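Taking it in order: structure first as structure tokens, then the write-up.
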Amino acid sequence: MSDPIEAAIFEKLAKADPKNVGGKSIEPSDVAKELQPEQWQRMLPKVKAVAVGLMRQGRLTITKKGKAVDPNAVKGVIRLRLPTDAETAAALAALPPAVEDDGDFA
């Protein structure tokens, strides 16, 4: 995990949800404030963008009013939490199929 935003998101979630059950959530602004306390507003769009990418991978859930939202329609006030097993499976099922390379170049 070399991305400092990704690392900060999961660090905050680990503190909020130490049992890793996907129930507790954090605000993206808290992550932005931790990374850039003086200019956190500039960091907030980057935090949200990383969160959307993590949700598409099934590693994070973005919620609005307690309900998971479509990563393509994220707007307004959101929260971040660890995904449930069902949310992870749904996100992974939505990914395009991997192309297998059989090594045949003919």
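The values are calculated or read from the model by the stated rules, or taken from the named source; none is laboratory data. In this text, all values refer to a predicted model and were calculated from it rather than measured experimentally. Don't worry about glycine lacking a Cβ; one is built from the backbone with ideal geometry, like all the others, and counts go over all protein chains shown. Surface areas here come from the heavy atoms of the whole protein model, side chains and all, with no ligands, DNA or RNA. Shrake-Rupley method; radii C 1.70, N 1.55, O 1.52, S 1.80 Å.
A compact table of results
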item	result
Of residues in region 1-53 being touching a residue at least 12 places away in the same chain (Cβ under 8 Å) and among the polar types (S, T, N, Q), the one surrounded by the fewest Cβ atoms within 10 Å (Cβ to Cβ)	20
Hey, residue 19 in a loop (DSSP other than H, G, I, E, B), out of contact with any Ser or Thr (no Cβ under 8 Å at 6 or more places or on another chain) and of a type in the set (Lys, Arg) or not	yes
Only listed residue being part of a helix (DSSP H, G or I), modelled with pLDDT of 95 or more, small (Gly, Ala, Ser) and at negative phi, chosen from 14, 89, 93, 8	8
Given (1) open to solvent by 90 Å² or more (accessible area, probe 1.4 Å); (2) modelled with pLDDT of 90 or more, number of the condition residue 56 does not satisfy	(2)
